[in-house]
Amino acid sequence: MTRLKGFTLISALAIYLLVAFVWIYKTGVLASVLPPELNRSLAIGARGEDVRALQEFLASDPALYPEGYATGYFGTLTKRAVERFQSRNGIEAVGIVGPKTKAALVKIRNILLNPSVLPSATPTPSPTVTAEPSPSPTPTPTPTPTPDPLSLIRTGSGTAAINEVIKIGAAEFWYVAQDASKGRGYLAPPPSGNAADVANMSAVKTV
């Protein structure tokens, strides 16, 4: 467990240093020289210790102020160094230390004095996976039931002799027996499925 905690602390420190390096590279803070606390705007022709402090800060990064002169006089070289600093920090490169440039210097100063305010790395959001909708099942059509021929029988008048063919709707049946006590008759398909083949057929009745 102790080794795991030690590894976690080392990993966190490595991430912190990486973030600090990236931030330092973007802002141009490559040394521990603090930016000056400026109470006025600076431009070409300005003189004073605040100009000298600004030049010393800019000279801490040769990429910003390769000449590195800290004379206390704001000349052309200092103007170019300020323009490089502004470009690196997303400020319009005008070469004048105005409100936006002073705010950037204050931010860098605060971070150097209190590293805990170092901007944290923004995590990359995980892509949202949208599940494809499942296709709706195709409903199976309900088969239409075939009506029982007997359900088509309707009572009617008249008599039918045994072995006669009775036509019920479009279907033909052979009247094969009867039960007078129950008032019923019994039907069956013709022997060959064709009424013409029924022997002794004397009449066709519709019930």
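Brief remarks follow.
- Every residue from the stretch 70-120 that is charged (D, E, K, R) and not in a helix (DSSP H, G or I): Glu92
- Number of positions in the stretch 90-115 that are modelled with pLDDT of 95 or more and either open to solvent by less than 10 Å² (accessible area, probe 1.4 Å) or among the acidic types (Asp, Glu) (or both): 5
- Some residue of the stretch 1-13 being out of contact with any helix residue (DSSP H, G or I) (no Cβ under 8 Å at 6 or more places or on another chain), surrounded by 11 or more Cβ atoms within 10 Å (Cβ to Cβ) and either more than 20 Å from Leu105 (Cβ to Cβ) or at pLDDT 95 or above (or both): no
- Of the numbered criteria (1) hydrophobic (A, V, I, L, M, F, W, C); (2) part of a loop (DSSP other than H, G, I, E, B); (3) at pLDDT below 60; (4) surrounded by fewer than 14 Cβ atoms within 10 Å (Cβ to Cβ), the one Leu17 fails is (2).
- Among the residues of the stretch 94-117, the ones that are over 16 Å from Pro35 (Cα atoms) and within 40 Å of the chain's Cα centre (by Cα) come to 2 in all.
- Among residues of the stretch 44-81, those that are of a type in the set (Phe, Trp, Tyr) and surrounded by fewer than 17 Cβ atoms within 10 Å (Cβ to Cβ), counted: 2
- Pairs with Cβ under 6 Å, 6+ apart, first in the stretch 53-72 and of a type in the set (Phe, Trp, Tyr), second modelled with pLDDT of 95 or more and in a helix (DSSP H, G or I): Tyr65/Leu58; Tyr65/Ala59; Tyr65/Ala81
- Some residue of the stretch 82-89 being open to solvent by 50 Å² or more (accessible area, probe 1.4 Å), modelled with pLDDT of 95 or more, on the phi < 0 side of the Ramachandran plot and among the basic types (Lys, Arg): yes
The values are calculated or read from the model by the stated rules, or taken from the named source; none is laboratory data. From a predicted model like this one, the values you see are computed outputs, not experimental measurements. For neighbour counting, all protein chains shown are included, and Cβ atoms are generated from backbone atoms with ideal geometry for every residue, glycine included. When the accessible area is computed, the model is the full protein with side chains, heavy atoms only, and any ligands, DNA or RNA have been set aside. Shrake-Rupley method; radii C 1.70, N 1.55, O 1.52, S 1.80 Å.
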